[in-house]
Amino acid sequence: MTTIHNLGFPRIGAQRELKFALESYWKGESSREALKSLGADLRARHWESQKGIDLVPVGDFSFYDQVLDMSFTLGNLPERVQHFHGDALDNYFRVARGRSAQGTDGHSHCCGGVAAGEMTKWFDTNYHYIVPEFTADTQFQLDDTRLLAQLAEAKSQNVNAKPVIVGPVTYLAIGKAKDGSNKLDLLQKLLPVYAQLLNTLAEQGVEWVQVDEPWLVTELDSEWQHAYNLAYHQLKACRVKLLVATYFGALLDNKHLAANLPVAGLHVDAVNGSRDDVQQLIGLLPGSKVLSVGVISGRNIWKTDLSDVLDWVEPLAERLGERLWIAPSCSLLHVPVDLNSEQKLDAQVQSWLAFAIQKLDELRLLGQALAQGREAVSVQLAANSAALQARRTSDRVHNPEVQAALAQIIAQLGQRQSSYSVRAPQQAALLKLPLFPTTTIGSFPQTAEIRHARSQFKAGRLAYAAYQAAMRAEIERSVREQEALDLDVLVHGEAERNDMVEYFGEQLQGYAFSQFGWVQSYGSRCVKPPILLGDISRPKAMTVEWIQYAQSLTSRPMKGMLTGPVTILNWSFVRDDQPRSVSCQQLALAIRQEVLDLERAGVHVIQIDEAALREGLPLRKSQWAEYLNWAVESFRITANGVQDRTQIHTHMCYSEFNDIIASIADMDADVITIETSRSDMELLDAFEHFQYPNEIGPGVYDIHSPNIPSQEHIVQLMQKAAERIPVDRLWVNPDCGLKTRQWAEVVPALTHMVAAAKTLRQSM
Ligand code: GLN
Ligand code: ZN
């Protein structure tokens with residue numbers, strides 16, 4: 001019999017119950033007991049949904065983040081919160097979210113304010129974890145309360161529990177040594193605590209523990225390889241069986257290492273990894289070891305091709321017998337909970353999809369087919385095949401015109417007519433901007449009135465004409481404010497946009513939208529990625545009317561505002577029936593048309609945001625070049641069809657460019673605006689060393705903070721910028737868009753920014 005198991009279940013709740021409970025608790029509107037009891041309800045409900053699965057994850061539920069949970073389990077609390085007097089859960093939230101000294105958690109007077117733990121992306125997903133903090137002196141001490149409590153709860157509900165923890169090597173690898181010490185030196189202190197935890201679980205009657213080690217799919221130098229051997233040889237004596245779980249990619253050259261770790265089982269990802277890689281692994285695997293293969297995507301929302309999986313897995317089952325387990329590729333944390341919540345999705349599209357609950361149904365079906373033969377589930381398999389067949393041949397998916405356009409892509413499409421040095425004087429002559437021109441990144445505050453008007457419009461309670469009038473009024477307000485501030489290049493403010501990706505997805509052919517397809521991004525924050533399901537085309541212009549209206553209100557240059565193809569792709573659920581690069585090219589062609597329409601409408605400055613370009617980088621550096629190649633080419637196709645005098649801007653809100661600077665330069669945008677204020681302009685070093693040839697707007701203030709930057713501070717930052725970049729190529733702008741701020745913050749901040757630019761001009 002093939003064991004079927006799950007690696008993790010989404011905890012946010014089908015209706016985002018956990019989000020709302022957390023936020024209400026944080027606001028002081030409900031009690032800690034109410035929050036804890038909701039947590040217990042969700043766990044019970046989620047275990048119930050996993051009935052019939054042989055081994056069910058326990059400990060995957062988290063009030064904020066599973067990595068932060070692990071830090072608490074290991075007693076690795078940052079020094080600054082170690083003396084907290086209150087409830088442990090409150091201390092946990094202090095690390096997760098930070099606390100101001102005036103906070104209202106009842107302990108600010110005695111325990112003071114604390115900075116939040118740093119947050120970063122969990123491998124190549126859009127989930128963010130709280131980074132473990134280390135120093136050379138870090139001590140670990142087991143706190144098994146949370147895990148044991150969840151285990152007891154699971155047992156009382158007759159759940160066949162498989163506790164899940166983050167493995168020791170991955171835990172060290174994804175943390176940060178605050179004092180620059182070598183994290184690996186901590187391994188010897190860390191392992192006894194892991195051993196103690198595993199033995200405690202053994203005492204509770206646990207047979208299997210899932211130890212997550214996704215770090216094993218990355219490039220490992222000999223030190224880290226050695227750490228793996230050391231760690232698992234030392235944990236070998238523990239009285240539980242360990243299933244080392246790898247996911248998000250193939251093991252490749254770590255196969256030998258992984259196959260020979262002295263553990264009872266290994267989980268590998270056959271979806272985001274490759275079947276080939278798994279086949280090779282089997283040849284290396286000692287005959288006693290369990291091999292768990294992830295055959296259902298934990299990262300995407302498409303139905304699995306069950307017959308295809310069976311074709312592959314049946315011979316494996318034959319060969320490995322009981323040693324073969326099957327599972328989703330990774331934790332289901334990265335997919336929405338329940339497709340059955342959807343009421344507005346087109347029925348046909350819905351029949352192609354599977355969320356977490358449906359993926360577990362697929363898993364049960366596969367288990368049954370392996371145990372009893374395919375005949376036992378022939379009806380379900382036939383239904384699965386029919387749905388997939390319909391998708392394969394649907395004209396919602398395939399658009400011959402788009403495919404023809406794609407076949408026509410030639411290198412010139414991504415090539416500007418002239419080089420930057422020829423274009424720049426033409427743009428200068430047209431735009432007549434001063435030195436240190438000022439601009440903003442696109443959005444102005446999304447006020448309560450804007451959101452209200454939009455929700456009324458979407459609910460059908462506000463006619464389009466009235467909605468349009470309301471948005472136009474907002475645009476006019478933004479334009480007048482910007483003129484009063486004396487900004488040089490204006491924006492329309494993005495009032496009409498709910499979200500920088502959804503706004504475009506909704507107008508492009510080839511997209512679908514769920515109502516409840518929420519996925520946790522961090523803490524209580526969720527995102528609802530649009531579903532890119534078919535060939536992408538643009539039935540009509542998407543932004544021209546709004547920008548044209550904005551331009552009609554002013555004689556200053558108005559910057560058209562678009563989201564780039566790479567960002568749209570990286571923030572969507574994407575097709576699994578063609579490479580991401582192809583979907584990206586389709587998006588590129590569609591947005592290119594919009595760029596050309598804007599240009600025809602007399603818009604001379606066009607910004608194409610690529611906020612998520614860096615996010616798409618593969619886990620392995622050896623695969624970066626390939627990604628950057630097609631990502632940059634897609635941007636170039638989008639942007640570079642314009643005339644020399646049209647100025648293309650791009651914007652990226654992050655602060656790591658060192659390793660991708662050549663690709664950024666290759667995009668050939670006339671101006672790039674980036675996030676720099678928090679790095680004190682040091683990030684411009686990368687641009688300086690590379691001799692970045694075009695213009696740069698290094699952000700001069702952090703828009704995430706309500707603090708108003710002073711004029712002097714902005715002048716100082718720009719002087720630092722001018723030490724690195726020639727002044728005639730510098731712009732002055734905030735780090736990112738202003739949609740989350742209030743006008744009362746925006747006006748003084750931009751007043752200081754414009755005044756700073758004027759001071760700088762005078763000093764020239
Ligand atoms: N133009 C967008 C805005 O200003 C950019 C947002 C982003 O980069 N995340 O809101
Ligand atoms: Zn940004």
| Taking segment 648-664, which residues are open to solvent by 10 Å² or more (accessible area, probe 1.4 Å), more than 16 Å from ligand 1 (Cβ to nearest atom) and either within 16 Å of residue 611 (Cβ to Cβ) or not charged (D, E, K, R) (or both)? | 658, 661, 662, 663
| Residue check, residue 442 small (Gly, Ala, Ser) and within 16 Å of ligand 2 (Cβ to nearest atom) | yes
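Would you pick out the residues in segment 531-573 that are within 16 Å of ligand 1 (Cβ to nearest atom) and in a loop (DSSP other than H, G, I, E, B)? Talk me through it step by step, then tell me what you get.
At the first step, the residues of segment 531-573 found to be within 16 Å of ligand 1 (Cβ to nearest atom) are 542-543, 546-547, 550, 558-572.
Hits for segment 531-573 are 542, 543, 564, 571, 572.
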| field | Selected residue (criterion: most open to solvent (accessible area, probe 1.4 Å)) from residues of segment 21-38 that are touching a helix residue (DSSP H, G or I) at 6+ places or on another chain (Cβ under 9 Å) and touching a residue at least 12 places away in the same chain (Cβ under 8 Å) | value | 36
| task | Report, by residue number, each residue of segment 151-170 that is open to solvent by less than 10 Å² (accessible area, probe 1.4 Å) and among the polar types (S, T, N, Q). | result | 170
| When both residues are 6+ apart or on different chains and their Cβ atoms are under 8 Å apart, which pairs have a first residue that lies in segment 402-413 and is part of a helix (DSSP H, G or I), and a second that is among the aliphatic types (A, V, I, L, M)? | 402/536; 402/589; 405/589; 406/582; 406/589; 413/637
| note | Restricted to segment 78-124 and to residues being under 28 Å from the mean Cα position of the chain (by Cα) and at positive phi, the residue modelled with the highest pLDDT is 123
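State all residues of segment 556-595 that are hydroxyl-bearing (Ser, Thr, Tyr), over 24 Å from residue 443 (Cβ atoms) and touching a strand residue (DSSP E or B) at 6+ places or on another chain (Cβ under 7 Å); if no residue qualifies, say none. Spell out the reasoning first.
The first filter runs over segment 556-595 and keeps only residues hydroxyl-bearing (Ser, Thr, Tyr), leaving 563, 567, 572, 581, 583.
Filter once more, keeping what is over 24 Å from residue 443 (Cβ atoms): 581, 583.
Within segment 556-595, 583 is the sole residue that qualifies.
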| So which residues in segment 725-741 are in contact with an Asp or Glu (Cβ under 8 Å, 6 or more places away or on another chain) and open to solvent by 40 Å² or more (accessible area, probe 1.4 Å), if there are any at all? | 729, 739
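Give, as residue ranges, the helices (runs of 4 or more DSSP H) completely inside segment 184-274 that count at least 3 residues that are open to solvent by 60 Å² or more (accessible area, probe 1.4 Å).
187-203, 222-235
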| request: Considering each of 744, 749 in turn, give the residue that is open to solvent by less than 50 Å² (accessible area, probe 1.4 Å), assigned to a helix (DSSP H, G or I) and either out of contact with any Cys (no Cβ under 8 Å at 6 or more places or on another chain) or within 16 Å of ligand 1 (Cβ to nearest atom) (or both). | output: 749
| request: Report whether or not residue 757 is assigned to a helix (DSSP H, G or I), open to solvent by less than 30 Å² (accessible area, probe 1.4 Å), more than 15 Å from ligand 1 (Cβ to nearest atom) and under 30 Å from residue 636 (Cβ atoms). | output: no
| Taking interchain pairs and intrachain pairs at least six residues apart, which have beta carbon atoms under 7 angstrom, with the first residue in segment 281-310 and more than 30 Å from residue 571 (Cα to Cα) and open to solvent by less than 10 Å² (accessible area, probe 1.4 Å) and the second β-branched (Val, Ile, Thr) and outside any loop (DSSP other than H, G, I, E, B)? | 281/268; 291/282
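The values are calculated or read from the model by the stated rules, or taken from the named source; none is laboratory data. These figures come from a predicted structure and were not determined experimentally. No Cβ is skipped: glycine too gets one built from the backbone with ideal geometry, and neighbour counts run over all protein chains shown. These area figures cover heavy atoms from the full protein model, side chains too; ligands, DNA and RNA do not enter into them. Shrake-Rupley method; radii C 1.70, N 1.55, O 1.52, S 1.80 Å.
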